[in-house]
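Read-outs throughout are calculated quantities, based only on the coordinates presented, and are distinct from any laboratory measurement. Quick caveat: nothing in here was measured; it's all calculated off a predicted structure. Please note: Cβ atoms are built from the backbone with ideal geometry, for glycine as well, and neighbour counts cover all protein chains shown.
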Amino acid sequence: MFLRVALPTPLRRLFDYLPPLDESAESISKLKAGCRIAVAFGPRPMVGILIEVAHISEIAKDKLRPALNILDREPIIPVASLDLFKWAADYYHHSLGDVLQNALPAWLRQVDRQDIDSQAGLQITATGRDTDPSSLKSAKKQAALLSLLQHSDQPLTETDIIQHGFARNIINGLLEKQLIQSVRLPLAYSHSVVFGEPLKLNQEQQLALDTISKGAHCTLLAGITGSGKTEVYLQAIESSIKQGKQALVLVPEIGLTPQTLQRFEARFGPCVKLIHSACSDGERLATWLAAKDGAASIIIGTRSAIFTPLAKPGIIIVDEEHDASFKQQDGFRYSARDLAVVRAAQESIPVVLGSATPSLESLANVKAGRYQIAKLNQRAGNANPPVMRTIDLRHQKLNNGFSPESLFALRRCLDKGQQALVFINRRGYAPVLMCHDCGWYAQCQHCEARMTTHLRPAHLHCHHCDNQQRLPNSCPSCRSRQMVLIGQGTERSEEALQAEFPHVDVLRIDRDTTSRKTAMSEMLDQIQQGKPCIMVGTQMLAKGHHFPKLGLVLILDADGGLFSADFRGPEKMAQLLIQVAGRAGREDLAGEVLIQSHQPDHPQLQLLLQRGYFHFASELLQLRQVQQLPPATAMAMVRVSANKQDSPEAFLEEVILKADQLNQTGIKLMGPLPAPMPKRAGKFRAQLHIQANNKSILKNFLNVFVGLLETTKGKDQLHWSLDVDPIDMF
């Protein structure tokens, strides 16, 4: 007997091993696909996944090595999950072993970390039960944690407590006071479900819930911002849980998970688990096993959570389904949204794709009859959609990027006791540092890109390759000290607003200010208190947040997407504008959205503002059909990078010559093309675009074409990657 194993290597094949020397034939015959096997691959040990126990091998027995150890006697990966991973490896033309590597928590991928059987937990002590949390006057966070544990009828895992935003020092403070105590809990620790009181649905919400409940395979829940999509999710999930099943909820950003967790725990109690890249290895493992064993009823996570196994799958929700964050942009380039649809079909459960600005791909699937659609056209409660209008920046004198009309609107909003949001999708202080005397500008040494100036701390930063340099005191070219900062970033906007409104809190929310684990949740807590403030941020603020006191949204620059080199630029621009605008005017506030632009009369911008997103998207779909671009056609992209400038194009030219001998009916090859950024991180780059009449034709072509890529020899450390269904041309 031979063990056929998938290993985490780029090679798109399986590897045969002999059974370990101390294993009997009977024990090997009982092994099933999905078990972990420790093997030696070259000089190092590696964890692979058993795909089958075979009786024939193409490799001579005397050339095969015995496996090192059988790590699982029962499959760690269920059959349903294995079927999904095989489909993904086949569709994206990726190594199955690499796909499985993405699916397993890091702890389960390590040969020497197999002895995990419990996790840390906390419970209230008798002293803690009798202590009034209000007595901890100087330690509000400790008081909040004490209250949380007092109201829990079960111990909570440390993972649960950290997910609630309590840092380690808060836990240690209560342990020292002997108000709580540590306990050991099973990894797949189960919490009871508490069903909170649901809100009353309006007619549109009820129709949407009925559509989902009828067992439709895929429902596109297209609801305007503030229309109550989350309440529909909650009631659909409640129905599933009451049938003894589990729910998987995907969100695009880690920043959304604390707010989403609060909404879900308020309804279902502590049975909700989080899984995303900011969780520790132990936290991810505990949640993964709790989901696999059925102990976790609801799992909320980002892109990679789609690989989480469910013992009793009931429903999958993909919130903000249009968001580009659901597409992995390196390595295994999968779409979590698309895999959610495939997984739901394989497991015969409903999947809901929710968005106020659905992707053109989802709208095309509705048009083709593959998805059902449920629309929510009215805001929940008495809220009205915000009023949107443009501010013409031409011939205006700007104050650090702000027009006089914009500053007046901000002041008026704050005087009403409301909050304001300023959106600019560029972090840092300024995108360009230039010498006023000679015209030199700071450029990344490794990319064809300008370096962004950051002032806190002061440095130059390339946002493409992460190269960082000291901020120069004088021009490196002419030694002049006349250095000027050109353009606007979140730091500069924050500084300008703080100077203009010195008595108001200005909260900057971008990747720089939210890198600390609890930073995002702490700022969101401050905003939810409702005091007048100004939020300044990037697209992190555009997704899914509910700000009841937000009266004004100011978009500093709407022009970038109108002139993008990417054919998806207008679609992304429209989605971003509508999503950001939708944060305003929630509940009983009359919201206002101001869009600064040097092109206020641009036809696409006016179409969006006057006719709305769905009419705009319909026009774009027709245009894509004429241009024969996705979703009207299928697309894949080959990206090549190398140390030498001519190597990528030479490699692609050789591949194209070989491809000319293949059957290319329904296939169009475009390239070699220079990448939009021809040099990045010290590598020269080129692209090949592959278009097909449909996905079936593309898949059949790529089955052969990938073999050409693998057998064409490149020089000078050349690297290529294949991206099926790319979402950007970068």
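Highest average first, the peptides 354-360, 717-723, 622-628 ordered by how many other beta carbon atoms sit within 10 Å of their residues are 354-360, 717-723, 622-628.
Considering the dipole of the chain built from charges on the beta carbon (Lys and Arg +1, Asp and Glu -1) around the Cα centre, which of Ile527, Leu289, Asn169 is farthest to its positive end? Highest projection toward the positive end goes to Ile527. For the listed peptides 386-396, 608-618, a ranking on the average number of other beta carbons within 10 Å per residue, highest first, reads 608-618, 386-396.
Place a label point 7 angstrom from the Cα of Gln622 along the Cα-to-Cβ direction, then list the residues of region 561-584 whose backbone nitrogen is under 17 Å away. Under cut-off, by backbone N: 571. If you look at the Cα atoms of the chain, you get an Rg and a Dmax of 27.4, 84 Å.
Using only side-chain charges placed at the Cβ, +1 for Lys and Arg and -1 for Asp and Glu, the dipole size of the chain relative to its Cα centre rounds to 460 debye.
If a/c stays under 1.5 just call it rounded; otherwise compare a/b with b/c (prolate if a/b is bigger, oblate if not). Do that for region 600-671, with a ≥ b ≥ c from the square roots of the Cα gyration tensor eigenvalues. The partial results should precede the final answer.
Working: a/c = 4.67, a/b = 2.07, b/c = 2.26.
The shape class here is oblate.
Calculated over region 1-160, the projected area of the Cα convex hull averaged across directions stands at 14.4 nm². Diagonalising the gyration tensor over the Cα atoms of region 634-724 and scaling each eigenvalue by 5 before taking the square root yields semi-axes of 23, 14, 10 Å, largest first. Would you work out which of Ala681, Met635, Gly714 lies farthest towards the positive end of the dipole of region 632-730, given +1 charges on the beta-carbon of Lys and Arg and -1 on that of Asp and Glu, about the Cα centre? After comparing all options, I get Ala681. A 22 angstrom limit on the alpha carbon distance is what I want to check against. Which of Lys63/Lys86; Lys644/Lys695; Lys229/Lys543; Lys61/Lys86 exceed it? From Lys63/Lys86; Lys644/Lys695; Lys229/Lys543; Lys61/Lys86, over 22 Å: Lys63/Lys86; Lys644/Lys695; Lys61/Lys86.
Per residue, the convex hull around the alpha carbon atoms of region 421-494 comes to 89 Å³. Computed extension length for Ile56-Lys32: 7.0 nm, one decimal, from 0.36 nm per residue of separation with the Cα-Cα distance subtracted. Extension gain, Cys478 to Lys644: 0.36 nm times the residue separation minus the Cα-Cα distance gives 56.7 nm.
With both labels modelled 7 Å from their Cα along Cα-to-Cβ, the Leu662 to Asp293 distance reads 4.6 nm.
Longer than 27 Å from Cα to Cα, which of Lys572/Lys713; Lys327/Lys367; Lys668/Lys713 are they? Say none if no pair is.
Among Lys572/Lys713; Lys327/Lys367; Lys668/Lys713, the Cα-Cα distance tops 27 Å for Lys572/Lys713.
Unpaired cysteine residues in the chain (no second Cys Cβ under 4.7 Å): Cys35, Cys218, Cys271, Cys279, Cys413, Cys465, Cys533. Here the dipole of region 418-513 is about 260 debye; that uses its Cα centre as origin and unit charges on the Cβ of Lys and Arg (positive) and Asp and Glu (negative).
When the alpha carbon gyration tensor of region 105-243 is reduced to an equivalent ellipsoid, its three semi-axes come out at 37, 23, 14 angstrom, largest first.
How many percent of Cα pairs in region 513-666 exceed 24 Å? Counting pairs separated by more than 24 Å, the tail of P(r) holds 55 percent.
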